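Working notes, beginning with the structure itself.
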Amino acid sequence: MSKYKWSFANVGGSTRVRIQSAEDIRHLGELDKKKWTVLSCPVNGLEISADSLALIDTDGDGKIRIDEVVGAANWLCEVLKNPSTLLEQTDTIEIANIADEAIAAVAGKVAGKEGTISLAAVLAAIDAVTVEEPAAPAAPFEADVIAAYKEKSAEYAAYFEQEKLQKLGLALIPEETVKPGMPEKKFNEMGAAIAEWEAAVGAIRTKVADETAAGKAEFMPLRKLLLLHRDFYRLLRNFVTLEDFYDNNKQTIASFQAGTLIIDQRACHLCIRVADLPKHDTQAPLSGMYLLYCNCENKKTGKTMQIVAAMTQGEINNLSVGKNAVFYDNDGLDYDATVFKIIDNPISIRQAFWTPYRKLSKWIEEKINKSAAEKDAAVMSDVTANVEAKAEGGAPAKPAFDIAKFAGIFAAIGMALGMIGTMLVSVAKGWVTLTWWQQILVFIAILLVISGPSMIMAWLKLRRRNLAPVLNANGWAVNADAIISVPFGRKLTEQVHFPFTQNPATMPKWKKWLFAICIILVILCAVCVTLHLLGYCFCCFCFH
């Protein structure tokens, strides 16, 4: 068990280890793996340099694991005299801070009299490495002759092989076959000369490539140091913990946040590239978040991507499959975005309150549309039948009047109306026995009965909103919950706010409350008048 004293803090609703000093990085290998927030993450699709991640991914399997992170930490602590500069996340290093003598010598060679070395200077030095290429031997033939030989070599070789078999009586060459324009001996001599020349040219190119690679190799440890000096601590903040994601001031973005989606007067900052859509189909619904999947395309550059955006604030009335939006990546490049899939989960308790009424409204609308469509189809069928009957010279068929059938229908309608009337009278009688304040309580109770279950389910789901399933669908191995609370969700999705002075149509809150109270009073008055007409007097202002 490690004797090193780690610091812990509440990050995103969970207790996590904090990496805040060079000593934390130096003892990273002693940290219990169960306390790491992430066990592995993919190399591709992150907002950290792919070159830096490739250097950490030592086995080249496309995944970064704990042991590889620890290995990179140990190497950096050996190479740097003061590893605390890693926390600065810069791509420049003081040469005096480099403990490795070989790397420091190369840094001094590149920097010259400068006391610091930068990544840009090293990359420029790597690009400047050139090797003088020796003169290649002269080609045995002209370029067009060599090209013609290569084009016809297979065909000529096959002909000469058939000619040998024909001489042995084992084959017969058709008379219409075109014969090569040279004997076999000359053909073979020509091929040998070309092959020898190409081998010599290839050997020269291989030698030049090897010498160039060797010349660049001396700069590679320094390049690795500068890349990791800039990016390694950011990886730790997104691997050991998720501090970049849960930053209270949101001055940083997590390595998996791809940009911002602007849609329906909101800015969704939690946008993640989709690496494997089938995995999202099974994993993402477990997150409990309202998710928008979008196809994004920049027509100028031809770049395309699929993203999933979390909607954590606002209403969903105008959100639907096919809706267009604009996505901005972290470099500011804009993409045309189109929603192609929605995972529906509660966004807020207020939104959940209206959910049953929206569903009822949608159900009624669908029933009305279905009934209208059926009647339209029936009318068209009758019209078509009549037209066809007239075209055939006969009279259109008239359905026989079935008095028993209509009597049954009228009886059923009368019975239904009677039952509805009886129910309304019973409700009215019960209603008038209540005082005015009891009637208000009953009205509120009815609303709670209808909306209460939806609000309770929304409250439970909002408490469990978890980013981990979405990251797992992208190939991450998340070792702890990544809860998105309601207050934190408000930071991930920004709603539009118009100042009252610039938007006179916006109603102040006190006017909205007054308007709502007036509507409730009008409804109560209408109920009162209706019951008065039915012969019941219950109004608190009327005592007769």
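A short reminder: the numbers here are calculations on the coordinates, not readings from a lab. Note that the structure is predicted; figures quoted are calculated from it, not measured. When we count neighbours, we look across all protein chains shown, and the Cβ atoms used for this are built from the backbone with ideal geometry, even at glycine.
Through the Karplus equation 6.51 cos²θ - 1.76 cosθ + 1.60, θ set to phi - 60°, convert the phi angles of the range 20-31 into ³J(HN,Hα) values in whole Hz; use x for Gly and Pro.
Result, rounded to whole Hz: 10, 8, 5, 5, 4, 5, 5, 9, 4, x, 8, 6.
Measuring from centroid to centroid over Cα atoms, what is the spacing of the range 273-338 and the range 47-108 in Å?
34
Please list, in chain and number order, the residues 5+ apart from Ala258 or on another chain whose amide H is under 5 Å from its amide H, with Hs placed from the backbone.
Cys271, Ile272, Arg273
Residues with amide H under 5 Å of Ile263's amide H, sequence separation 5 or more or different chain, H placed in the peptide plane at 1.01 Å from N; which?
Cys268
Loop-only check: which trypsin sites (Lys or Arg not before Pro) in the range 290-344 are DSSP coil with at most 12 other Cβ within 10 angstrom? Could the numbers behind the result be given before it?
Details: sites: Lys299, Lys300, Lys303, Lys323, Lys341; in loops: Lys299, Lys300, Lys323.
When the trypsin sites (Lys or Arg not before Pro) of the range 290-344 are filtered for loop state and at most 12 Cβ neighbours within 10 Å, Lys299, Lys300 remain.
Explain nothing, just compute: Karplus ³J(HN,Hα) = 6.51 cos²θ - 1.76 cosθ + 1.60, θ = phi - 60°, for every residue of the range 199-204 in order, whole Hz, x for Gly and Pro.
Residue by residue, the range 199-204 yields 5, 5, 5, x, 5, 5 Hz.
Let me know the charge dipole size of the range 143-214 about its Cα centre in debye, to the nearest 20, where only the beta-carbon of Lys, Arg (+1) and Asp, Glu (-1) is charged. Kindly include the intermediate steps, with their values, before the conclusion.
On the way: 9 positive and 13 negative charges, 31 e Å.
Using Cβ point charges on Lys, Arg, Asp and Glu, the range 143-214 gives about 160 debye.
Residues with beta-carbon under 14 Å from that of Arg205, excluding Arg205: net charge, scoring Lys, Arg +1 and Asp, Glu -1?
-4
Go through the range 323-337 residue by residue and turn each phi into a ³J(HN,Hα) via Karplus (6.51, -1.76, 1.60, θ = phi - 60°); whole Hz please, and just put x for glycine and proline.
Computed from phi, the couplings for the range 323-337 are 5, 8, 8, 10, 10, 10, 7, 5, 8, x, 6, 9, 10, 6, 10 Hz.
Using the Cβ atoms and a cut-off under 15 Å, what net charge is assigned to the surroundings of Asp329, where Lys and Arg are +1 and Asp and Glu are -1?
Working: positive: Arg273, Lys299, Lys300, Lys303; negative: Glu47, Glu297, Asp331, Asp334, Asp336.
Around Asp329, the charge tally is -1.
Of Leu170, Phe187, Thr212, which is farthest along the charge dipole of the range 143-214 in the positive direction, counting Lys and Arg as +1 and Asp and Glu as -1 at C-beta?
Selected residue: Leu170.
Within 10 Å of each residue's Cβ, count the other Cβ atoms and sort Arg465, Arg490 from fewest upward. The partial results should precede the final answer.
On the way: Arg465 23, Arg490 14.
Exposure proxy ranking, most exposed first: Arg490, Arg465.
Order 324-331, 158-165, 304-311 from most to least packed using the mean count of other Cβ atoms within 10 Å. It would help to have the intermediate numbers written out before the result.
Details: 324-331: 15.6, 158-165: 13.4, 304-311: 21.9.
The peptides rank, most packed first, as 304-311, 324-331, 158-165.
For a quick check: with amide H placed at 1.01 Å from N, whose amide H comes under 5 Å from Thr116's, ignoring anything fewer than 5 positions away on the same chain?
Ile95
Just add up the charged neighbours of Met190: K/R +1, D/E -1, any other residue whose Cβ is under 15 Å from the Cβ of Met190.
Numbers: positive: Lys150, Lys152, Lys185, Lys186; negative: Glu142, Asp144, Glu151, Glu155, Glu184, Glu189, Glu196, Glu198.
So the surrounding residues net to -4.
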